[in-house]
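Enquirer: Take this structure, written in structure tokens, and hold onto it; I'll ask about it next.
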Amino acid sequence: KFDQKEKSTLLGSRKDYWDYFCDCLAKIKGANDGIRFVKSITELRTSLGKGRAFLRYSLVHQRLADTLQQCFMNTKVTSDWYYARSPFLNSKMSSDIVGQLYELTDVQFDLAS
């Protein structure tokens, strides 16, 4: 969430990193499985709750690094969601973040969805 721009829906609900993931991954084949899964959970009502569920899904399926890498490569959407000083828009920093997250693929997560 660091340096994320304030966004809201037409009804005034605050948008969160879940909406950022949806914007980035909606048209990427194979990358939107987690989005479809989270959207199928009817108990989730807030953007924050959906974002947390998406992160849990990505960790369990060892896709968090791949997911963020796909998002960081979409600089148009990322710059629309984050201010210029965000580490997501700095190629060196985003590369370091993704590299660290790839190390998590060795860890087996068993998180409740």
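Enquirer: Among the residues of the stretch 3-15, is there at least one that is part of a loop (DSSP other than H, G, I, E, B), within 25 Å of Asp110 (Cβ to Cβ) and hydrophobic (A, V, I, L, M, F, W, C)? Break it down into steps so the answer makes sense when it comes.
Expert: Here is the first cut: in the stretch 3-15, the residues part of a loop (DSSP other than H, G, I, E, B) are 3, 5-7, 9-13, 15.
After this cut, where a residue has to be within 25 Å of Asp110 (Cβ to Cβ) as well, the list is none.
No, the stretch 3-15 contains no residue that is part of a loop (DSSP other than H, G, I, E, B), within 25 Å of Asp110 (Cβ to Cβ) and hydrophobic (A, V, I, L, M, F, W, C).
Enquirer: Listed residues Ser86, Ser40; which is among the hydroxyl-bearing types (Ser, Thr, Tyr) and over 18 Å from Leu111 (Cα atoms)?
Expert: Every option except Ser86 fails the conditions.
Enquirer: Name the single residue, out of those in the stretch 71-98 being of a type in the set (A, V, I, L, M, F, W, C) and out of contact with any strand residue (DSSP E or B) (no Cβ under 7 Å at 6 or more places or on another chain), that is surrounded by the most Cβ atoms within 10 Å (Cβ to Cβ). Explain how you work it out, then say what you get.
Expert: Of all residues in the stretch 71-98, those of a type in the set (A, V, I, L, M, F, W, C) come to 71-73, 77, 81, 84, 88-89, 93, 97-98.
When the remaining residues are screened for being out of contact with any strand residue (DSSP E or B) (no Cβ under 7 Å at 6 or more places or on another chain), the result is 71-73, 77, 84, 93, 97-98.
Values: Cys71: 23, Phe72: 21, Met73: 13, Val77: 18, Ala84: 8, Met93: 13, Ile97: 17, Val98: 19.
Checking each candidate, the answer is Cys71.
Enquirer: Evaluate the following for Leu68: is it at pLDDT 90 or above and either open to solvent by less than 50 Å² (accessible area, probe 1.4 Å) or of a type in the set (Phe, Trp, Tyr) (or both)? Spell out how you get there, then give the answer.
Expert: Values: at pLDDT 90 or above: yes; either open to solvent by less than 50 Å² (accessible area, probe 1.4 Å) or of a type in the set (Phe, Trp, Tyr) (or both): yes.
So Leu68 fits the description; yes.
Enquirer: Considering the stretch 20-63 alone, what residues qualify as being buried (at least 18 other Cβ atoms within 10 Å of the Cβ) and touching a residue at least 60 places away in the same chain (Cβ under 8 Å)?
Expert: Tyr20, Ala53
Enquirer: Could you look through the stretch 4-45, keep only residues that are at pLDDT 90 or above and of a type in the set (Ser, Thr, Tyr), and pick out the one that is nearest to the chain's Cα centre (by Cα)?
Expert: The extreme case among them is Tyr20.
The values are calculated or read from the model by the stated rules, or taken from the named source; none is laboratory data. Since we're looking at a predicted model, the values are computed, not measured. Virtual Cβ from ideal backbone geometry, glycine too; neighbours counted across all protein chains shown. The area values use the complete protein model at the heavy-atom level, side chains included, leaving out ligands, DNA and RNA. Shrake-Rupley method; radii C 1.70, N 1.55, O 1.52, S 1.80 Å.
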